[in-house]
Amino acid sequence: MNAINTKQNLATDNVIFNSSNDVMLDLSELKKVYPTPKGDYIVLENLNLKIMKEEFVTIIGHSGCGKTTMLSMIAGLNPISGGSIAVLGKGIKGPGPDRGVIFQSPSLMPWMTTLENVMLGVNQVFGHVSKKQRQDIAKYYLHKVGMEDSFNKKAKELSQGMQQRVGIARAFAIKPKVLLLDEPFGMLDSLTRGELQDILIEVWNKEKITAVMITHDVDEAIFLADRVVMMTSGPRAKIGDILDINFDRPRTRKSVLDHDDYYTYRKHLIDFLEH
């Protein structure tokens, strides 16, 4: 039996928001157009994707295929030109605390401490609870990412890797329904990248938040994901292929590398990218 299970151009019903109870994120006939002096430039078109509750999905594709555009539309930071995006069957209307975002650059307030940076979001989302409870939430997630000794350090004093740890803590601390990650480890050295992948997946395993992550790294895509979504090259990019990753969780890097299917998965993704 072939270990690879793929689905070409995952279709959705024409009825907008006709989502089952297990669908967390529903992208239906999504389209993004940028007007230019030479006419409309269509980045995405006819893009359909359903992401289930508690699923970790990685998205790969060539530079310029619209991965970040799609993620920013899900985050509510980029207007939708056509189609729809729904979280739990409800259409999105701009940014919201139901969607947390981790960017490639941590974007911390450099003059604030690590604790204050995480508290920014916590205060907005959990304004109804006591200050101590809000601080406990922020400290809990900073502890989870190994920053328990740096609550009072200014963000500008931290290394790039430590800043990204704070970024991960900040995103999880608002307890979003969907976690969106735009190449969060792309600017880090390979050792730090591996450490933060392990931290991310450890916290995600506990929280079971639906996660959607863009990456250029095939090995990272396989290690983290339940499914790898492959996007066609732009313009008019859409979903080209979807690969199920059938590794047990929790995973270790060694168990993934030693698995019989690992290199089959890897070859499948590289063949798609080189096609």
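For segment 93-113, the count of residues that are outside any loop (DSSP other than H, G, I, E, B), over 30 Å from Y34 (Cβ atoms) and touching a helix residue (DSSP H, G or I) at 6+ places or on another chain (Cβ under 8 Å) is at least one. If a residue must be touching a strand residue (DSSP E or B) at 6+ places or on another chain (Cβ under 9 Å) and modelled with pLDDT under 95, how many such residues does segment 16-33 contain? Here the count works out to 6.
Take L257 and decide whether it is in contact (Cβ under 8 Å) with a residue 12 or more places away in the chain and either more than 26 Å from Q163 (Cβ to Cβ) or touching a helix residue (DSSP H, G or I) at 6+ places or on another chain (Cβ under 8 Å) (or both). Walk me through how you get there before you give the answer.
On the way: in contact (Cβ under 8 Å) with a residue 12 or more places away in the chain: no; either more than 26 Å from Q163 (Cβ to Cβ) or touching a helix residue (DSSP H, G or I) at 6+ places or on another chain (Cβ under 8 Å) (or both): yes.
So L257 does not fit the description; no.
Only a single item in (1) among the aliphatic types (A, V, I, L, M); (2) surrounded by fewer than 16 Cβ atoms within 10 Å (Cβ to Cβ); (3) over 14 Å from D182 (Cβ atoms) is not met by L77, and it is number (3). Kindly check whether there is at least one residue in segment 125-135 that is buried (at least 21 other Cβ atoms within 10 Å of the Cβ) and in contact with a Lys or Arg (Cβ under 9 Å, 6 or more places away or on another chain). Within segment 125-135, none of the residues are buried (at least 21 other Cβ atoms within 10 Å of the Cβ) and in contact with a Lys or Arg (Cβ under 9 Å, 6 or more places away or on another chain).
Being surrounded by fewer than 19 Cβ atoms within 10 Å (Cβ to Cβ), under 28 Å from K67 (Cα atoms) and not basic (K, R): is that true of P184 here? Answer is no for this residue.
Filter segment 165-213 down to residues that are small (G, A, S) and in contact with a Ser or Thr (Cβ under 9 Å, 6 or more places away or on another chain) and give me whichever is modelled with the highest pLDDT. Lay out the reasoning, then the answer.
Of the residues in segment 165-213, the ones small (G, A, S) are 167, 169, 171, 173, 186, 190, 194, 211.
Imposing the further condition that a residue be in contact with a Ser or Thr (Cβ under 9 Å, 6 or more places away or on another chain) reduces the set to 167, 169, 186, 211.
Working: G167: 93, A169: 94, G186: 86, A211: 97.
Filtering first and then ranking leaves A211.
Against the numbered list (1) at pLDDT below 90; (2) surrounded by fewer than 19 Cβ atoms within 10 Å (Cβ to Cβ), G234 comes up short only at (2).
When you look at L120, is it touching a helix residue (DSSP H, G or I) at 6+ places or on another chain (Cβ under 6 Å) and not in a loop (DSSP other than H, G, I, E, B), yes or no? Reasoning before the result, please.
On the way: touching a helix residue (DSSP H, G or I) at 6+ places or on another chain (Cβ under 6 Å): no; not in a loop (DSSP other than H, G, I, E, B): yes.
For L120, the condition - touching a helix residue (DSSP H, G or I) at 6+ places or on another chain (Cβ under 6 Å) and not in a loop (DSSP other than H, G, I, E, B) - is not met.
Given I245, I214, which one is of a type in the set (A, V, I, L, M, F, W, C), touching a residue at least 40 places away in the same chain (Cβ under 8 Å) and surrounded by 15 or more Cβ atoms within 10 Å (Cβ to Cβ)?
When all the criteria are applied, what remains is I214.
The values are calculated or read from the model by the stated rules, or taken from the named source; none is laboratory data. Fair warning: this is a prediction, and the values are worked out from it, not measured in the lab. Here the Cβ is made from the backbone with ideal geometry for all residues, glycine too, and neighbour counts use every protein chain on show.
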